[in-house]
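First the structure, in the form of structure tokens, and then the observations on it.
Coordinate-derived values only; no laboratory data. This structure is a prediction, so every number in the text was calculated from the model and none was measured. Don't worry about glycine lacking a Cβ; one is built from the backbone with ideal geometry, like all the others, and counts go over all protein chains shown.
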Amino acid sequence: MRTVAAVAATTVLGAGAVAVAAGRYVSDLALKPSVDGPEPDERLTVHATAPGQVTLTRSLGSLRPGVYGLAGDGVHAAVGEVLWTTPDTVARRLERVYRGALDPGTQVRMTAQVHAGDPRDALGLDHAEVAVPGELGPLPAWFVPAARDTWVITVHGLGATRELPLNVLPALHRHRFPVLDLAYRNDPGAPASPDGLGHLGDTEWRDLDAAMKYAVRYGARRLVLYGWSTGATMALRAADHSALRDRISGLILDSPVLDWKSAVRAAASSHGVPGALVPLGIRAAEGRTGLHAERIADAADPSRLTVPTLVFHGPDDTLSSWSGSRELAAIRPDLVTLHTVPGASHGAMWNADQASYEEALRRFLTPLM
């Protein structure tokens, strides 16, 4: 009997250890996203280059319309429209190689982050490298000056860096908005969170709040918060909780994560995690971070919105369902404008249709000037 009991206890303990390990793995997909993002990257092979074009492996990703980055080990380039295809390859317009070389055989992935480097190197825009005092330490940020006293503060999302908002920086600069492009906790060059984990905007919003204080201290009279993915969650939380929320004149939310549990489920599904393990990941995320769905859901409560809000989202976002964005727009048509972007992956709404995106941005920002 003792032997049977010991075996049973060991089996239970073993199963418990497996469950803990599985939970940590699943939760890490969203709480520790790699630079490839929370969804698995699709590796493409460079087959050839010619002046103004690059030939890649044919896939659904490499066929996407729009403008994207190509990132690999020591390589970053910008590519544009599809020029021609074969059954096995896709040729795209090669806009610029920022670093490295696209030699045949190089492995790359498509990314929403088109540019590499700082605003001057990437876009020719003068800027200052500033340090925003945050609760965990100095937060690096790029400040691109302009004439208006309404500042735009940009915050990227899962698996990205402050290079992602460079996509829209020329458009914002044309409209003469000063831009503060923030790196926050766990970003390169920024302080780590105490647990080393991302909290899907639930604690990171305080770094955005610090950036708001910095902007007001240096001359901003009004603020527009512009966030992608969990950066959009941060913007909603700041608009709901910041002591400076009365300075906010507008919100721009790109691919907002309005339900973090759904985001964990989607990240797990995209990595092929069996459905039975997903609840373990959600419980692990709650236990490791103290995340509560209610806090993020409260920030996205349509009744709490008080300022004009522009949402970019579409039906092909597999990480963050656009159903929440549609509901937000349907309940608060007085404040929320939903710009639908079909065919765009998570965080890549601008990439899929730059002209339409920037026109929606212009229309939204004009009354805020």
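Arrange F364, F312, F177 by Cβ neighbour counts within 10 Å, fewest through most, would you?
Values: F364 18, F312 30, F177 22.
Arranged by neighbour count, lowest to highest, F364, F312, F177 become F364, F177, F312.
Fewest Cβ neighbours within 10 Å first, please rank R43, R326 accordingly.
Numbers: R43 13, R326 16.
With the fewest neighbours first, R43, R326 line up as R43, R326.
Quickly work out the E81-to-Q107 label distance, labels modelled 7 Å from Cα along the C-beta direction, and quote it in nm with one decimal.
3.3 nm
Mind giving me the nanometre distance, one decimal, between the label points for D316 and A192, set 7 Å out from Cα along Cα→Cβ?
With each label placed 7 Å out from Cα toward Cβ, I get 3.8 nm.
Which shape class, rounded, prolate or oblate, goes with the stretch 103-258 when its Cα gyration tensor gives a ≥ b ≥ c as root eigenvalues, a/c under 1.5 marks rounded, and past that a/b bigger than b/c marks prolate? Walk me through the numbers on the way to the answer.
Numbers: a/c = 1.59, a/b = 1.17, b/c = 1.35.
Oblate shape, in that a/c is at least 1.5 and b/c is the bigger or equal ratio.
Which FRET efficiency value, to the nearest 0.05, do you get for T45 and R362 by plugging their Cβ-Cβ distance into 1/(1 + (r/R0)^6) with R0 = 51 Å?
Values: r = 38 Å, r/R0 = 0.75.
The computed FRET efficiency comes out at 0.85.
Once you list every other residue whose beta carbon is under 12 Å from the beta carbon of W322, what net charge do they have if Lys and Arg are +1 and Asp and Glu are -1? Working shown, then result.
Details: positive: R326; negative: D254, D259, D316, D317, E327.
Here the count lands on -4.
I need E163, E327 ordered by Cβ neighbour count within 10 Å, fewest first. List each step's numbers first, then the result.
Values: E163 24, E327 15.
Exposure proxy ranking, most exposed first: E327, E163.
What net charge do the residues around S255 carry, taking every other residue with its C-beta under 11 Å from that of S255, with Lys and Arg at +1 and Asp and Glu at -1?
Working: positive: none; negative: D254, D316, D317.
Local net charge: -3.
Tally Lys and Arg at +1 and Asp and Glu at -1 over the other residues with C-beta under 14 Å from the C-beta of G52: what net charge comes out?
Details: positive: R92, R93, R96; negative: E81, E95.
Result for the local shell: +1.
Calculate the length of the line joining the C-alpha centroid of the stretch 341-358 to that of the stretch 171-237, in whole Å.
Rounded to whole Å, the Cα centres lie 22 Å apart.
Report the full-extension gain for the segment R326 to A243: residue separation times 0.36 nm, less the Cα-Cα distance, to one decimal in nm.
On the way: separation 83, 0.36 × 83 = 29.88 nm, distance 2.85 nm.
Here the answer is 27.0 nm.
Sequence gap at least 6, Cα distance under 8 Å: using those rules, report the relative contact order of the stretch 119-172 to the nearest whole percent. Could you put the intermediate results ahead of the total?
Numbers: 43 pairs, mean separation 13.5, N = 54.
So the answer I get is 25 percent.
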